[in-house]
1. Could you check the simple spin-label distance between residue 184 and residue 70, using points 7 Å along Cα→Cβ, in nm with one decimal?
2. Is the C-alpha gyration tensor of the chain telling us rounded, prolate or oblate? Criteria: a/c under 1.5 is rounded; beyond that, a/b larger than b/c is prolate, otherwise oblate.
3. Taking the Cα centre as origin and putting +1 on Lys and Arg beta-carbons and -1 on Asp and Glu beta-carbons, what dipole magnitude results for the chain, to the nearest 20 debye?
4. When a footprinting reagent is the concern and you count Cβ atoms within 10 Å, what order do 280, 30 take, fewest first?
5. So if I place +1 on the C-beta of Lys and Arg and -1 on the C-beta of Asp and Glu, and nothing else carries charge, what would the dipole magnitude of the stretch 226-376 be about its Cα centre? I want it in debye, nearest 20.
6. Distance in nm between label sites at residue 24 and residue 146, each 7 Å beyond Cα in the beta-carbon direction?
7. About the Cα centre of the stretch 325-373, how large is the charge dipole given +1 on each Lys and Arg Cβ and -1 on each Asp and Glu Cβ? Please answer in debye to the nearest 20.
8. Residue 25: which lysines have alpha carbons under 24 Å from its alpha carbon, excluding same-chain residues fewer than 8 sequence positions away?
Amino acid sequence: MNDEPVTIVGGGIVGICCALSLLEKGAAVRLVERDEPGQGASFGNAGVISPWSCVPNSLPGIWRNIPRWLLDPEGPVAIRPRYLLRATPWALKFLRAGRRNRIPAIADAMAALNRPSVDLYRHHLAGSGHEGLLRECYYVHAYREAAAADLGDFVWRLRRDHGTPLEVVDGDQLREIEPDLSPEFQAAIIIKDQARALSPGRLGAVLADKVRSLGGEILRASVERLAPREGGGWRLTSDHGEIEAQQVVVAAGAWSALLLEPLGFSLPLEPERGYHMVFRDPGVSLNHSIMAVDAMFVVSSMEMGLRSAGTAEFAGLEAPPDYRRAQIFKRLTKRLVPGLNTNDCEEWMGIRPSFPDSLPCLGEIPGQPGLFAAFGHAHCGLMMAPMTGRVVADLVTGATPNLDLAPYGVERFGR
Ligand SMILES: Cc1cc2nc3c(=O)[nH]c(=O)nc-3n(C[C@H](O)[C@H](O)[C@H](O)COP(=O)(O)OP(=O)(O)OC[C@H]3O[C@@H](n4cnc5c(N)ncnc54)[C@H](O)[C@@H]3O)c2cc1C
């Protein structure tokens, strides 16, 4: 029975990194993905890989901004009217997670997953011939008003307390670093020593190829049901028949909670939809990941063009995309990078798997021997994926991870 491959449900960047770390430990691995690997939320993100990321989405006083964000058609948050009631319980939990006394523990738990991100991606890419997919860079937070670039603000103090290398620069220095940015931006706070993916989709595809080359199986199937076997292990029902496994890792992104529902878990995993716009012939180029702080979106030059990504839309798993959310990036990005050519562009929507406290579920699921959670990475799944993979590989192979898993427990949401 122990010869059965460890079965990972979901071939996004999280499932792929779990597979790689398990294979490195000598485990047999089967990755079950209903589409091409790495093409869900992991395909279209902003490519930011920051070892320093520790700021949760819910922060003290955030509720004051929400009405303004919702009323502004170009604002960073949108809720479809029909979804308002459904979103309310999650929104209340989200606001509670932003209480001042909860932030330090959440920030520590985010930092622990993000800190080794760049090193682990380098490790996974080494020898693949695609090492250049990762580019060292700064994370430039650009401000219109110089006074707003204040390291005394709560979020910057939080980052500083977590060892983040920071520097404030004025408008002239900003244009030296990023000549194509508009002079309307008078200052920036720079996070140093991080990296960006030049194509998150291709990164997933390259690492999926590595899974295959290390002997892992990638099975194209949609898992419909997970059920415990008599005598131990799991039976997965899929559109390609039954799959048996002693150990199963659920890494199905925003769809993970649906798989666990029949086992009695009701998890507040919100499908938080995000959009991007790729400008394929941008005529300008950026050296770093740029966050436009007032509009809350990220811009980065990638292999396929210049990509603007962000927004949080609450509409459920099934609603069709509203590409007006991506069209907004045309005007917003032009204000940031005035020389941008917006004529040839491509829009995209992807679904972040978001818990109210910005932390994923990670670890063996209580009362379900051999079933492991690796989902809910919200806005940080690209950067958290490699460390998630390491932790899952340790747990599945019976080693003790070098990390306190309590903050990521499924049980934090009750049952
Ligand atoms: C606009 C935007 C910008 C972002 N920017 C960043 C960023 O800069 N940095 C960062 O770190 N993160 C960023 N993120 C977040 C990041 O993209 C996600 O957290 C991450 O991709 C989640 O990875 P995942 O593998 O859990 O999910 P996904 O990539 O969604 O993968 C889940 C996979 O599971 C498969 N699946 C689901 N159910 C089943 C089933 N029943 N059977 C078989 N297969 C199944 C799906 O087909 C999918 O391929 C961003 C997200 C968005 C939307």
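1. 2.7
2. Verdict is prolate for the chain.
3. 900
4. 280, 30
5. 660
6. Roughly 4.6 nm, to one decimal.
7. With only Lys, Arg, Asp and Glu charged at Cβ, the dipole is about 420 debye.
8. 210
Coordinate-derived values only; no laboratory data. Computed from a prediction, not measured in an experiment: that's the story for all the values here. Neighbour counts are summed over all protein chains in view; Cβ atoms, including those assigned to glycine, are modelled from backbone coordinates with ideal geometry.
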